[in-house]
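Taking it in order: structure first as structure tokens, then the write-up.
The values are calculated or read from the model by the stated rules, or taken from the named source; none is laboratory data. Since we're looking at a predicted model, the values are computed, not measured. Using ideal geometry, Cβ is built from the backbone for each residue, glycine included, and neighbour counts are taken over all protein chains shown. To get the accessible areas, we keep the full protein, side chains included, count just its heavy atoms, and leave off ligands, DNA and RNA. Shrake-Rupley method; radii C 1.70, N 1.55, O 1.52, S 1.80 Å.
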Protein chains: 2
Amino acid sequence: MEIGFIGLGLMGRPLALHLAKAGHALHLWARRPASLEPFKDSAATCHASPAAVAAHAEVVFTMVADAPDVEEVCFGVDGLDGGARPGLIVADMSTIAPAAAQGIGARWAARHVEFLDAPVSGGEVGAINAALTIMVGGKPEAFERVRPLFETMGKSVNLIGGSGAGQVAKACNQILVSVTVTAVAEALNFAKKSGVDPAKVREALLGGFAYSRILELHGQRMLARNFKPGFKSWMQQKDLRIVMEEAHRLGLALPSAAAVAQMFNAMVGSGFGEDDTSGVLKLLEKMSGPD
Amino acid sequence: MEIGFIGLGLMGRPLALHLAKAGHALHLWARRPASLEPFKDSAATCHASPAAVAAHAEVVFTMVADAPDVEEVCFGVDGLDGGARPGLIVADMSTIAPAAAQGIGARWAARHVEFLDAPVSGGEVGAINAALTIMVGGKPEAFERVRPLFETMGKSVNLIGGSGAGQVAKACNQILVSVTVTAVAEALNFAKKSGVDPAKVREALLGGFAYSRILELHGQRMLARNFKPGFKSWMQQKDLRIVMEEAHRLGLALPSAAAVAQMFNAMVGSGFGEDDTSGVLKLLEKMSGPD
């Protein structure tokens, strides 16, 4: 298939490479030419603008930082809409606000282009291993056409609902992972400051109701003091901003997520923004002083 | 073995029955004679006081509500210490504050009686199925003598550390389960209020980093609106009081647990105290108004 891909960063690059390896013809554009380097041996054509990418593709994926970036790529100068023909599908894999995704979807619908919001969870390692969870919002027919491509990039591909529903599921995911990683850090710090071996506590708790993948994986990172990302704390902060803005818009209380959003503000303010989210343990330690 | 058991409530009764079934001679005392009914066909002797129980037993288990109850049974009028001989082991399976457990342990040590704090997780179902996680603090030799009895009652038996360490692990467990159940309720309520099917969100998230046993089991309870305990919210409130008092004593910040402790205060205040902790969803719904 003729596939466009825009946003060849840490997450986008391995995903585009999976599509190339599966035999698809890639059409690429990148702000920085260096981003195109890894594709010089594959069946990829580099173009001068997103508009040119859209003109050659049946499906275009975008994987950028935030809503303004998606809007720029879609509707900015020489944006995708400059080359888009009716029937094109644009699938945005970035994490942005559900309301923003719905707005972008509506703009595309007016141009007879299908838009899918398709954020992912699983991080860079998940992207490299094609093991992502992909959460999709949009029309079922468009989803079914793109599903084989999603399955090239992830191991769990889910149509959640209509436009924006993928971003809602991603927001729910970010509530759960950020709150759980903070609770794990609080529990292990509580054990240590109580004079008890946090490794023994974690081991005992893994067998019961307290089990979570975060306790298993990020709990182990905390014990090993391995705070290399993984998923960076400044990105968690950004995703929690989206969550809390949506909660404000919906008139919804999220008490545990709200406390945790403050922690990730403080992570960035404390200079821990580049650390994995499990580094929230360091912030708790800093708050509670020496042992 | 000659075993004493005091505290034959929802949790204690099935545990004592496991010990009887394993062929041990039980020595019982209960405030209410009705509590002794289930034991009338087993090799159990009923006594007139905790002191009499202690006089006949090598190991005495207690499973009561809170620290003052443990202290009353141990050191009150006709308490265990009235009949305890040097070498007796008292194993308290109640959930109480770590500092209180250490204090009780020290009082017993002065009388040459070994004390183990051995709180459990897994609830009434875990007790009935002998599937509890048991977290033990105390001396290794005393633990090894009681271990076969613990293994009759639980499937995961862990010596965490010295006196009080079992209660520290239990407090960590309560931080994790209460915060996770609240985060799951927040995420599912967020999905629903966003117009997205919470069942589809849960299903998609179970496959990724957001997986927890709480998302699986309590998430399903929330979808089915089955708030029958399980673990009652007023007991979660009590356990979080212990956690927050310890945090105060240690000078320790627990931001997510603190937010969740307020939610469980409000659960009880809202008349949801008898509901399972997954009922925290109802409180969030009440806070955010009609759909």
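Please name which of B:His56, B:Thr182, A:Ala169 has its Cα lying farthest along the dipole of the protein assembly as shown towards the positive end, using unit charges on Cβ (Lys, Arg +1; Asp, Glu -1) and the Cα centre as origin. Final value for the positive-end residue is B:His56. Secondary structure note: in chain B, about 15% of the DSSP beta bridges are antiparallel. Here the dipole of the range A:2-160 is about 200 debye; that uses its Cα centre as origin and unit charges on the Cβ of Lys and Arg (positive) and Asp and Glu (negative).
Sequentially through the range B:273-288, phi angles give Karplus couplings (6.51, -1.76, 1.60; θ = phi - 60°) of x, 7, 6, 4, 4, 5, x, 4, 4, 4, 5, 4, 5, 4, 5, 9 Hz, Gly and Pro residues having no value and appearing as x. A:Gly273 label points, 7 Å along Cα→Cβ, one per copy: pairwise distances from this copy to the rest in nm, shortest first? Label-point distances to the other copies, shortest first: 4.7 nm. Between identical copies, the spacing of B:Arg32 label points, each set 7 Å from Cα toward the C-beta atom, reads 7.0 nm from nearest to farthest. For the range A:81-134 and the range A:22-53, what is the separation of their Cα centres, given in Å? Using only Cα atoms to place each centre, the spacing works out to 18 Å. Only protein heavy atoms count here, probed at 1.4 Å, and on that basis chains B and A bury about 5000 Å² of accessible area in total. Does anyone have the angle between helix B:98-109 and the longest principal axis of chain B? Alpha-carbon axes, 0 to 90°, nearest 10? Rounded to the nearest ten degrees, it is 10. From largest to smallest, the equivalent ellipsoid semi-axes obtained for the range B:38-144 from the alpha-carbon gyration tensor read 20, 19, 13 Å. In this structure the amide hydrogen of B:Ala91, modeled in the peptide plane, comes within under 5 Å of the amide hydrogens of B:Val60, B:Phe61, B:Thr62, B:Leu116, none closer than 5 places in sequence on its chain. Accessible area per residue (1.4 Å probe, heavy atoms of protein chains only) ranks B:Met235, B:Met93 as B:Met235, B:Met93, with the largest value leading. B:Leu10 contributes about 90 Å² of solvent-accessible surface, heavy atoms of the protein only, 1.4 Å probe. Put simply, the C-alpha atoms of the range B:143-269 give a gyration tensor, and the ellipsoid matching it has half-axes of 30, 20, 14 Å, longest first. Plainly put, the tip 7 Å out from Cα toward Cβ on A:Glu141 is 8.0 nm from that tip on each other copy, the closest given first. The percentage of C-alpha pairs in the range A:1-95 whose separation is greater than 14 Å is 59%.
Each residue of the range A:241-252 is assigned a 3J(HN,Hα), and the resulting list reads 4, 4, 4, 6, 5, 5, 4, 5, 4, 7, x, 10 Hz, derived from the Karplus form 6.51 cos²θ - 1.76 cosθ + 1.60 (θ = phi - 60°), x at Gly and Pro. Per residue of peptide B:212-221, the mean number of Cβ atoms on other chains within 10 Å of the residue Cβ is 3. With unit charges on the beta carbon (Lys/Arg positive, Asp/Glu negative), name the residue among A:Gly103, A:Ala91, A:Pro68 whose Cα is farthest towards the positive pole of the charge dipole of the range A:2-160. The one lying farthest along the dipole's positive direction is A:Ala91.
In the context of the full set of protein chains, the protein assembly as shown has a per residue accessible area of 37 Å² (1.4 Å probe). Taking 0.36 nm per residue of sequence separation and removing the Cα-Cα distance, the B:Arg249/B:Met1 pair yields an extension gain of 85.3 nm. Here the 3J(HN,Hα) profile of the range B:116-122, calculated from phi with Karplus coefficients 6.51, -1.76 and 1.60 at θ = phi - 60°, is 10, 8, 9, x, 10, 10, x Hz, Gly and Pro shown as x. On a per residue basis, the convex hull of the C-alpha atoms belonging to the protein assembly as shown measures out at 151 Å³.
Taken as Cα centroids, the range A:209-249 and the range B:154-173 sit 26 Å apart, rounded to the nearest whole angstrom.
Computed as a quarter of the hull surface, the mean projected area of the alpha carbon convex hull for chain A stands at 15.9 nm².
The heavy atoms of B:Lys192 offer some 80 square angstrom of accessible surface to a 1.4 angstrom probe.
Split the accessible area of the range A:2-160 by element, probe 1.4 Å, and carbon with sulfur accounts for 54%. Summing charges over neighbours of A:Pro140, with a neighbour being any other residue whose Cβ is under 12 Å away from its Cβ, gives 0 when K and R count +1 and D and E count -1.
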